[in-house]
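Structure record follows, encoded as structure tokens.
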Amino acid sequence: MSMLLVQALNGLQFGVLLFLVAAGLSLVFGVMDLINLAHGVQYMLGAYVAATLGVWTGSFWLGALLALPVALLVGLALEWLVFRHLYRRDHLSQVLATFGVILTVEEATRALWGSAPQTVLEPMALTGGPLGGVEIVSGLLYPTYRLIIIGVGVVVPLLLWFLVERTRAGMLVRAGATHPAMVAALGVDIRRLFTVVFAFGAMLAGFAGALASPIFPVAPGMGDTVLILCFVVIVIGGVGSIRGAFIAALLVGLLDTIGRAMLPDALRLVLDPSAARQTGAALASMLVYIAMAGILFFRPAGLFPGARA
Amino acid sequence: MSGQLRSHSLPLAALLALAAAPFLGFGDGFALSLLARAMILGMAAVSLSLLIGGAGLVSLGHAAMMGVGAYTVVAFDAAGVSEGVIVFPAAIAAAALFAFVTGAVSLRTSGVHFIMITLAFGQMAFFTASSFSSLGGDDGYTLYARTEWLGTRILDSRLTFHFLCLALLALVWLGCSLLLASRFGRVLRAAKENPQRAQAVGFQPYPYRLVAYTLAGAVSGLAGALLANASEFVSPALLSWTRSGELMFMVILGGVGPLSGAILGALTIVLLEEWLSHLLVYWRLVFGPLLVLSVLFLHGGLIGVIPRTRAALRLLPWTRRNANA
Amino acid sequence: MPDEPLLELNGLCKSFGALAVTSDLSLTVRPGEIHAIIGPNGAGKTTLIHQISGTLRPDRGTIRFVGRDVTALPFERRARLGLARSFQITSVVPGFTALDNVALAVQARGGSSFRFLRPVSGETALNDEARAALDTVGLGRVANTPAGALSHGEKRQLELAIAIAMNPRLLLLDEPLAGAGPEETERLVGILRDLRRRYGILLVEHDMQAVFALADRISVLVYGRVIVTGTVDEIRSHPEVRTAYLGEDALA
Ligand SMILES: Nc1ncnc2c1ncn2[C@@H]1O[C@H](COP(=O)(O)OP(=O)(O)OP(=O)(O)O)[C@@H](O)[C@H]1O
Ligand SMILES: [Mg+2]
């Protein structure tokens with residue numbers, strides 16, 4: 001039972017990371033109608049930069065903090081170099097060009113850092129042990145750092161909600177998502193708006209990468225897995241819907257984590273151990289996609305159909 | 001007819017060159033296996049071009065279909081069956097079935113949803129393949145032997161294999177072209193350009209798209225089975241989404257309109273990758289930007305290069321007078 | 001039973017949020033008649049056509065077509081039963097030639113389209129019928145022009161040719177004259193006059209001259225309601241119509 005609780009918490013926290021990446025992806029798609037496969041590299045870069053600067057400065061937190069402006073700058077640079085020229089192109093071109101960006105950036109990462117996973121400083125006293133654990137049920141310590149991530153998952157969505165619903169920029173973003181021509185006609189500099197939204201999304205993804213760096217291996221390709229799960233999140237949640245992305249991200253995080261942890265053991269009840277391990281692993285990796293297929297079958301536009309179908 | 005011939009002249013020349021290659025100094029094992037790979041990926045690219053250019057279905061999970069075909073060969077090999085009469089139809093059927101099932105779900109959506117869902121299903125296939133430890137898991141699986149045909153080891157000869165691939169590639173191209181020109185293809189094309197119009201005259205696009213998706217899956221299954229034989233090794237990397245992206249790049253680089261563009265694209269990319277990776281360690285640092293640049297600047301693909309150059313030449317000051325005359 | 005209506009709408013209702021766009025609407029189209037629907041902008045005419053053709057579901061009410069309840073049938077099934085429509089915003093396949101646009105419609109009602117290997121451009125039976133439909137609307141000379149390259153008026157005529165080629169029972173025409181110049185209007189009115197008696201036609205049109213020249217019956221739609229249905233003379237002289245919609249000058 002406590003095993004299930006731990007896995008549920010891990011799942012929630014994975015869901016939060018997914019949300020941070022998916023939110024930017026969904027915003028960029030909702031506002032600029034740009035499908036950006038390269039969003040995952042922001043996540044990867046966030047992790048790499050946090051890891052490297054953490055080691056340099058001797059503090060994980062300082063590294064993570066410095067990763068934010070770096071992710072922002074890289075996002076701005078990529079927007080200026082590539083994405084800006086894709087807003088008016090069809091989805092096919094967008095997919096391909098951003099795919100090219102992934103190949104390039106991942107190769108650059110390999111050239112700079114090598115292919116092996118990076119060492120990441122422990123977020124010091126927060127990983128476990130007497131100072132860093134929190135007793136969630138009697139006798140069960142859970143790492144504080146992981147709880148902090150879940151905390152981020154409460155704060156950031158609220159912040160986003162505030163930004164989108166309560167500020168002028170947010171109003172423009174919402175209006176830009178539904179009536180881009182109208183907003184442009186009103187004299188708003190759509191380009192600037194796009195750049196701001198894009199940079200913000202890039203920073204959120206970089207932040208997620210920095211947060212994830214002590215938990216998941218920091219290696220080339222780490223962004224791809226997250227990116228694709230984020231697509232699942234967006235498809236389930238409904239394109240362009242932040243609320244949908246949040247709920248779907250938690251759902252996918254929980255399902256994936258708990259499935260991977262529990263299915264092989266659960267199948268042991270009906271299969272012999274080696275068969276259970278294989279089928280369990282195979283089934284667990286399919287679980288999220290099966291859920292997606294199931295949800296789409298009943299709701300082709302996702303749980304919360306957004307501004308753009 | 002002559003116009004048609006002209007628009008296909010580049011790919012026809014490519015096919016002829018492929019037929020002549022073994023006798024023009026490209027007959028060694030290395031060159032032949034490289035060309036075989038290009039031709040096999042060309043088949044998959046043609047089938048993807050049928051979906052993208054013909055039906056407007058931008059699938060980003062096409063490598064999975066190939067993967068299903070390849071892993072069917074692997075599964076039979078692990079079970080000790082290598083008879084082509086069994087293995088090849090099974091590979092094609094398995095890929096078609098996979099395409100049918102995932103297509104039935106994916107085609108309920110459209111546009112960007114469709115891209116994401118096909119990508120997700122492709123990823124599902126990838127992780128599933130990686131988790132079968134009895135078929136090599138992440139590390140991949142080396143075949144005991146190439147597939148036999150009625151007990152004869154005909155595929156072991158590289159030259160035979162070369163011409164088999166060439167014949168199949170031509171056949172796939174011809175078949176898919178006929179398909180697009182048929183009644184079925186007309187409905188598909190109409191539904192791509194204006195689904196509302198197709199419905200207004202009485203066609204529901206869904207079944208036509210599903211059949212096209214399944215057929216493309218079958219062709220890719222064949223390609224996958226051939227690819228397994230070509231390298232005698234199959235790993236999940238074959239199903240990875242970068243592979244799907246690469247197939248898509250082949251289609252776009254060649255040109256989406258005519259299916260033959262995909263053949264050109266496949267040849268170009270396989271050879272370019274090979275060349276670059278010999279030249280540089282981090283060759284994707286060049287390949288990636290090339291991809292981006294070709295999307296940004298090469299509208300219409302390679303197949304459009306000849307007519308475009310011709311048009312551009314006509315605009316040059318010293319030729320303009322002739323053109324006007 | 002010559003007098004059984006071709007199309008029969010009963011108590012149709014449709015709202016977008018709080019806006020009732022169709023309210024408790026009933027009307028019929030008899031075989032061979034042109035039933036025109038007029039009404040100010042935003043009265044709900046296009047929405048009504050959408051519901052009849054099946055691109056929108058009514059909230060309540062039934063739609064009977066050729067004696068069959070089609071309320072739950074999707075768009076393309078209704079098309080196959082003989083319900084052809086044109087669109088207020090022209091809708092053709094731009095990359096197809098005019099001929100292929102029409103041949104697609106012929107193909108839809110003759111034989112299976114799950115035929116994979118025979119080039120369809122060689123099916124003379126399809127092309128002959130398509131050419132005949134193009135000739136009917138006077139587009140024979142642009143048969144091989146891509147539809148996307150046709151003028152606006154020609155596209156409207158092409159839509160009409162497509163509808164005719166479906167060999168329908170009922171034509172739903174949403175402002176077929178909108179945006180057409182005076183000459184094109186004359187030609188289109190001529191075509192429609194030739195077509196009457198062959199099909200039932202439900203005609204949505206703002207051009208009063210054309211409506212009065214063509215219609216057997218007219219329904220006036222205001223805020224989603226039919227305020228009156230009658231012959232041309234009845235509508236011309238109806239006081240409520242004068243005030244509610246037509247204005248005095250339209251009758252001059
Ligand atoms: N999908 C929709 N969602 C919300 N409101 C809609 C929708 N479609 C139409 N409306 C509204 O319904 C009303 C009727 O629209 P409709 O297009 O049927 O009018 P119409 O009579 O065809 O007008 P016109 O003569 O300008 O073509 C309008 O107020 C329109 O704004
Ligand atoms: Mg209207």
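The values are calculated or read from the model by the stated rules, or taken from the named source; none is laboratory data. As the structure is a prediction and not an experimental result, all values here were calculated from the model. Glycine also receives a Cβ, built like all others from the backbone with ideal geometry; neighbour counts cover every protein chain displayed.
Values for this structure:
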item: Restricting segment C:51-70 to residues that are polar (S, T, N, Q) and surrounded by fewer than 19 Cβ atoms within 10 Å (Cβ to Cβ), the residue that is nearest to residue C:8 (Cα to Cα); result: C:62
item: Residue satisfying condition, being at pLDDT 95 or above, assigned to a helix (DSSP H, G or I) and surrounded by fewer than 23 Cβ atoms within 10 Å (Cβ to Cβ), within set B:215, B:222; result: B:215
item: Single condition residue B:249 does not satisfy, out of (1) surrounded by fewer than 24 Cβ atoms within 10 Å (Cβ to Cβ); (2) aromatic (Phe, Trp, Tyr); (3) free of Cβ contacts under 8 Å to residues at least 60 places away in the same chain; result: (1)
item: Candidates C:11, C:32, filtered to the one that is surrounded by fewer than 17 Cβ atoms within 10 Å (Cβ to Cβ), more than 16 Å from ligand 1 (Cβ to nearest atom) and either part of a loop (DSSP other than H, G, I, E, B) or without any contact (Cβ under 8 Å) to a residue 40 or more places away in the chain (or both); result: C:32
item: Close pairs from segment C:198-212: first under 14 Å from residue C:29 (Cβ atoms) and more than 14 Å from every other protein chain (Cβ to nearest Cβ), partner within 15 Å of ligand 1 (Cβ to nearest atom) and modelled with pLDDT of 90 or more, Cβ under 6 Å, at least 6 apart; result: C:202/C:172; C:203/C:36; C:203/C:173; C:204/C:37; C:204/C:45; C:204/C:174; C:204/C:175
item: One residue from A:245, A:281 being facing chain B (nearest Cβ under 10 Å), buried (at least 20 other Cβ atoms within 10 Å of the Cβ) and touching a Ser or Thr at 6+ places or on another chain (Cβ under 6 Å); result: A:281
item: Sole residue being away from ligand 1 (no atom under 16 Å from the Cβ) and in the same structural domain as residue C:20 (by TED's automatic domain parsing), chosen from C:137, C:66, C:142, C:92; result: C:66
item: Qualifying residue in segment C:172-179 (condition: among the charged types (D, E, K, R), modelled with pLDDT under 95 and within 16 Å of ligand 1 (Cβ to nearest atom)); result: yes
item: Cβ-Cβ under 7 Å pairs, at least 6 apart or on other chains, segment C:151-174 side of a type in the set (D, E, K, R), far side in a helix (DSSP H, G or I) and within 16 Å of ligand 1 (Cβ to nearest atom); result: C:174/C:46; C:174/C:49
item: In segment C:143-191, the residues that are in a loop (DSSP other than H, G, I, E, B) and crowded, with 20+ Cβ neighbours inside 10 Å; result: C:150, C:166, C:168, C:175, C:176, C:177, C:180
item: Residues of segment B:278-310 that turn out to be of a type in the set (Ser, Thr, Tyr) and either within 18 Å of the chain's Cα centre (by Cα) or closer than 18 Å to residue A:99 by Cβ (or both), as a count; result: 2
item: Residue match in segment C:122-129 (condition: in contact with a helix residue (DSSP H, G or I) (Cβ under 7 Å, 6 or more places away or on another chain), within 26 Å of residue B:215 (Cβ to Cβ) and within 11 Å of chain B (Cβ to nearest Cβ)); result: yes
item: Hits in segment B:139-167 - residues which are in contact (Cβ under 8 Å) with a residue 12 or more places away in the chain, in a helix (DSSP H, G or I) and more than 24 Å from the chain's Cα centre (by Cα); result: B:139
item: Selection status of residue B:67, in contact with a Pro (Cβ under 9 Å, 6 or more places away or on another chain) and surrounded by 24 or more Cβ atoms within 10 Å (Cβ to Cβ); result: yes
item: Residue within segment A:251-263 that is within 13 Å of chain B (Cβ to nearest Cβ) and of a type in the set (Lys, Arg) present; result: yes
item: Criterion violated by residue B:112 - all others in (1) in contact (Cβ under 8 Å) with a residue 24 or more places away in the chain; (2) crowded, with 21+ Cβ neighbours inside 10 Å; (3) within 14 Å of another protein chain (Cβ to nearest Cβ) satisfied; result: (1)
item: Qualifying residue in segment C:37-49 (condition: away from ligand 1 (no atom under 16 Å from the Cβ) and within 19 Å of the chain's Cα centre (by Cα)); result: no
item: Test: residue in segment B:137-145 that is crowded, with 22+ Cβ neighbours inside 10 Å and either within 12 Å of chain A (Cβ to nearest Cβ) or touching an Asp or Glu at 6+ places or on another chain (Cβ under 9 Å) (or both); result: yes
item: Enumeration of residues in segment C:162-197 that are more than 16 Å from ligand 2 (Cβ to nearest atom), more than 14 Å from chain B (Cβ to nearest Cβ) and either of a type in the set (Asp, Glu) or touching a Lys or Arg at 6+ places or on another chain (Cβ under 9 Å) (or both); result: C:183, C:184, C:186, C:188, C:194
item: Flag for residue C:142 being more than 30 Å from residue C:232 (Cβ to Cβ) and either within 16 Å of ligand 2 (Cβ to nearest atom) or touching a residue at least 40 places away in the same chain (Cβ under 8 Å) (or both); result: yes
item: Residue selected from segment C:82-105 under the condition within 9 Å of another protein chain (Cβ to nearest Cβ) and part of a helix (DSSP H, G or I), by the criterion surrounded by the fewest Cβ atoms within 10 Å (Cβ to Cβ); result: C:100
item: Residue that is farthest from residue C:41 (Cα to Cα) [pool: residues in segment C:192-208 that are assigned to a loop (DSSP other than H, G, I, E, B) and at pLDDT 85 or above]; result: C:198
item: Subset of segment A:191-239 [within 23 Å of residue A:113 (Cβ to Cβ) and part of a loop (DSSP other than H, G, I, E, B)]; result: A:213, A:214, A:215, A:216, A:217, A:218, A:219, A:220, A:221
item: Any hit, segment C:181-189, residues being closer than 22 Å to residue C:52 by Cα and away from ligand 1 (no atom under 16 Å from the Cβ); result: no
item: Residue satisfying all of: in segment C:213-233; in a helix (DSSP H, G or I) and at pLDDT below 90; farthest from ligand 1 (Cβ to nearest atom) among these; result: C:233
item: Residue that is nearest to residue C:148 (Cα to Cα) [pool: residues in segment B:163-192 that are more than 14 Å from every other protein chain (Cβ to nearest Cβ) and of a type in the set (Gly, Ala, Ser)]; result: B:170
